[in-house]
């Protein structure tokens, strides 16, 4: 199958319950480990909970069914969540459909990179209106990453003057246990995040953090700033891997915006290198 054949592939509809126990497990896996006690769980599911849809998606339901991918060469580049009325309520029953929407290539330092955008839309059981949508951008590298861990301080981003810092937190150092806990809660079992030999075969010095783990922590922190029932959009883009031992610093800024609350999120490694940048939009109070 060629690259051009991927676009438009659609999986079968699958059913996803937003179950309380699974939401609690996901919430525990995506809260900062530096928090000394758990936070009250909201009525909504965790902000990034729909990333766990793979638990309910059988192989033949996936738009990728029958396609072999070398996960030593695949990176998660960007993830977008959009909601009509915030993350689905706990107890909701949804139908999801996964589709490969767009495929394109770009040159890069490791050769040609293939970008694939996969969209998953969710509607209530028996309904027709999309209440949530995920857009995931994956990157297939032409060759293995050299796997070097950056050590130099790289101040790649600074907040503009109109950005008001509303939350800052430096978490405990990441561990492979944190990666495995998130993998168990989300269903992402790519061994590159916990298997030393597999990671080395991909050209890395060892396992690195699941990108959606740190995106999930961002979602948890956002839930302390506003009611997530008002959240309409969250976009996360990864700039560099995070590694075991990294104590990540999360900074959230509020940016003036008409008729909405807009937040800009910056997550940095101890070296100062940017790990993740994100933007979140909440409906404003009229």
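The values are calculated or read from the model by the stated rules, or taken from the named source; none is laboratory data. Remember, it's a predicted structure, so these values are computed and weren't measured experimentally. When we count neighbours, we look across all protein chains shown, and the Cβ atoms used for this are built from the backbone with ideal geometry, even at glycine.
Quick notes on this structure:
Residue-by-condition table, conditions (1) assigned to a loop (DSSP other than H, G, I, E, B); (2) in contact with a helix residue (DSSP H, G or I) (Cβ under 8 Å, 6 or more places away or on another chain); (3) under 13 Å from residue 212 (Cα atoms); (4) at pLDDT below 95:
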{"site": "26", "(1), (2), (3), (4)": "no, yes, yes, no"}
{"site": "37", "(1), (2), (3), (4)": "yes, no, no, yes"}
{"site": "41", "(1), (2), (3), (4)": "yes, yes, no, yes"}
{"site": "47", "(1), (2), (3), (4)": "yes, yes, yes, no"}
{"site": "51", "(1), (2), (3), (4)": "no, yes, yes, no"}
{"site": "54", "(1), (2), (3), (4)": "no, yes, no, yes"}
{"site": "60", "(1), (2), (3), (4)": "no, no, no, yes"}
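- Answer from 221, 234, 213 - the residue that is outside any loop (DSSP other than H, G, I, E, B) and over 15 Å from residue 279 (Cβ atoms): 213
- Complete set of residues in segment 241-267 that are buried (at least 18 other Cβ atoms within 10 Å of the Cβ), over 30 Å from residue 131 (Cβ atoms) and in contact (Cβ under 8 Å) with a residue 40 or more places away in the chain: 242, 243, 246, 248, 251
- Exclusive hit being modelled with pLDDT of 95 or more, surrounded by fewer than 22 Cβ atoms within 10 Å (Cβ to Cβ) and within 24 Å of residue 80 (Cβ to Cβ), set 213, 167: 167
- Given (1) within 19 Å of residue 201 (Cα to Cα); (2) at pLDDT below 90, index of the condition residue 154 fails: (1)
- Taking the criterion of being over 13 Å from residue 132 (Cβ atoms), part of a loop (DSSP other than H, G, I, E, B) and in contact with a helix residue (DSSP H, G or I) (Cβ under 6 Å, 6 or more places away or on another chain), the residues of segment 72-109 that qualify are 72, 90.
- Count of residues meeting criterion [at pLDDT 95 or above and out of contact with any strand residue (DSSP E or B) (no Cβ under 6 Å at 6 or more places or on another chain)] in segment 63-87: 1
- Yes/no for residue 225 being touching a strand residue (DSSP E or B) at 6+ places or on another chain (Cβ under 7 Å), closer than 17 Å to residue 46 by Cβ and surrounded by fewer than 16 Cβ atoms within 10 Å (Cβ to Cβ): yes
- Considering only residues in segment 92-126 that are within 19 Å of the chain's Cα centre (by Cα) and free of Cβ contacts under 8 Å to residues at least 40 places away in the same chain, the one that is farthest from residue 20 (Cα to Cα) turns out to be 115.
- Odd one out for residue 148 among (1) at pLDDT below 95; (2) surrounded by 18 or more Cβ atoms within 10 Å (Cβ to Cβ): (2)
- Residues of segment 186-198 satisfying the condition of being assigned to a helix (DSSP H, G or I) and in contact (Cβ under 8 Å) with a residue 24 or more places away in the chain: 186, 191, 192, 198
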